[in-house]
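Some notes on the structure that comes next.
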Amino acid sequence: MQPLLDISRLLSSAGRASLSGLDRVELAYVRHCATLPPRDRCFVALSPYGHFSLLPDALAMALLEAWLGVTRGEAVRARLRGISLAARAWLLSGLGHPALLRRIARMPRAALLLTAHQSMSEAAPIAALKRRGARFVPIIHDLIPLTHPEYARPRQTRAHARRLAVASALADAVLVVSGATRVELVGHFAGGGGEVPPVLVAPPGFDLPPLRSIPNTPPPPHPYFVTLGTIEPRKNHLLLLNLWRDLAERLGPRAPRLIILGRRGWQNETVFRMLDRTPGLKGLVEERPRASDAEVAATLRHARALLFPSFTEGYGIPLIEALSLGTPAICADIPTLREVGAGVPDYLHPIDGLGWRDAVLDYAQPGSAARAAQLARITGFLQPGWDHHFNTLEQVLARPAPRQATAMAASVAVQSLGVR
């Protein structure tokens with residue numbers, strides 16, 4: 001494998017306090033590619049001129065080192081912003097594109113790897129590299145903007161339809177993060193009338209923070225639960241806040257606590273108003289929007305359970321995080337979380353308010369039989385590793401010829417799918 005790894009997303013994430021799930025996947029790819037000889041790898045990004053450009057190898061290594069550092073804070077964010085600005089200046093220089101074409105000419109097994117969706121929005125930059133002999137392998141994380149458009153902005157739905165059209169027209173193979181996503185994607189490709197490229201399931205690995213970075217704090221005096229993820233409608237925080245308002249009325253200060261790990265998202269005004277203005281939630285519900293990876297791990301480790309009532313997921317990294325740390329989980333009964341949980345969590349319908357209330361009250365008790373049973377099941381949980389994922393990628397790239405004919409007619413192929 002001679003990867004041309006797009007790191008556009010990581011460069012755009014330089015100002016964040018912590019990495020999202022998609023950021024983590026891209027970072028894992030950078031770390032994997034860093035093990036290859038420099039002559040056999042390229043780090044690329046989309047330039048303002050609309051094509052992929054080669055980035056200096058040292059810049060990508062500096063980005064990797066900064067994100068993998070144990071410490072976080074303003075100093076690290078300042079360094080990341082500096083790396084991002086240096087990358088932008090390089091891309092604006094226009095030198096990276098011809099340099100990339102020269103490198104591809106010396107790389108007989110070059111493969112453009114896209115780990116984030118946004119770089120698939122246009123066919124032309126990808127087709128240009130395929131005409132030079134590079135293969136194209138993207139990761140499709142989910143089809144949520146299409147299967148659940150109520151949780152996406154209209155422009156996101158249109159953009160995702162176009163990205164999938166580009167993948168159908170140009171991809172030599174597509175990796176997906178779950179079997180449930182594969183079923184949806186193959187059906188989408190077949191229903192669109194275009195060619196169906198090979199679609200392989202390659203769940204991402206999960207990396208725990210270094211043990212030395214996880215604060216060794218004693219358990220708090222009150223039992224608490226954790227929900228992890230951006231506060232957006234599909235994550236179903238509304239169910240939990242209504243539940244905690246009920247617990248506040250019933251139990252007052254004796255109610256268990258809820259810690260929300262995640263920043264506020266979009267179009268969730270009812271939830272935001274409840275968080276800001278509901279008197280009964282004060283002291284029982286706590287937001288932590290900028291927690292570091294180590295703080296997230298420490299908070300999960302002492303929780304009575306992770307609460308994951310999401311309506312839809314492409315994979316479910318919070319569930320992997322909790323189970324890997326030995327923390328039980330109560331999850332929405334949806335196909336992806338069933339698949340990822342591998343029989344360990346307890347499952348409830350995402351709108352079964354009474355069921356969630358009963359489960360929370362049960363798990364909050366020191367002698368909870370349901371929690372003890374899940375703790376026993378967790379001992380058999382196998383944390384996913386990156387070896388399997390990258391072995392699958394290697395198998396894909398070991399296949400013979402790329403789809404040259406489709407690449408040469410990329411624009412026509414995409415337009416034939418009716419996506420503008």
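Just a few scattered comments:
- Taking the criterion of being closer than 18 Å to Ala294 by Cβ and of a type in the set (S, T, N, Q), the only residue of segment 46-102 that qualifies is Thr71.
- Residue match in segment 383-397 (condition: of a type in the set (Ser, Thr, Tyr) and buried (at least 18 other Cβ atoms within 10 Å of the Cβ)): no
- Residue in segment 340-348 that is assigned by TED's automatic domain parsing to the domain that holds Leu239, over 17 Å from the mean Cα position of the chain (by Cα), of a type in the set (Gly, Ala, Ser) and within 29 Å of Thr147 (Cβ to Cβ) present: yes
- Within segment 274-292, being assigned to a loop (DSSP other than H, G, I, E, B) and among the charged types (D, E, K, R) holds for Lys282, Arg290.
- Of all residues in segment 298-347, those that are without any contact (Cβ under 8 Å) to a residue 60 or more places away in the chain and surrounded by fewer than 21 Cβ atoms within 10 Å (Cβ to Cβ) total 9.
- Number of residues in segment 23-46 that are surrounded by 22 or more Cβ atoms within 10 Å (Cβ to Cβ), in contact with a Ser or Thr (Cβ under 7 Å, 6 or more places away or on another chain) and either among the aliphatic types (A, V, I, L, M) or more than 22 Å from Val177 (Cα to Cα) (or both): the value is 3.
- The residues on offer are Pro366, Pro350, and the sole one that is surrounded by 14 or more Cβ atoms within 10 Å (Cβ to Cβ) and of a type outside the set (A, V, I, L, M) is Pro350.
- Cβ-Cβ under 8 Å pairs, at least 6 apart or on other chains, segment 27-45 side of a type in the set (D, E, K, R), far side assigned to a helix (DSSP H, G or I): Arg31/Leu64; Arg31/Leu68; Arg41/Cys33; Arg41/Asp57
- Test: residue in segment 95-102 that is surrounded by 15 or more Cβ atoms within 10 Å (Cβ to Cβ), touching a His at 6+ places or on another chain (Cβ under 7 Å) and closer than 20 Å to Asp40 by Cα: yes
- Looking across segment 133-156, the residues that are surrounded by fewer than 18 Cβ atoms within 10 Å (Cβ to Cβ) and either without any contact (Cβ under 8 Å) to a residue 40 or more places away in the chain or charged (D, E, K, R) (or both) come down to Pro149, Glu150, Arg153, Pro154, Arg155, Gln156.
The values are calculated or read from the model by the stated rules, or taken from the named source; none is laboratory data. Remember, it's a predicted structure, so these values are computed and weren't measured experimentally. Backbone-built Cβ (ideal geometry, glycine too); neighbour counts: all protein chains shown.
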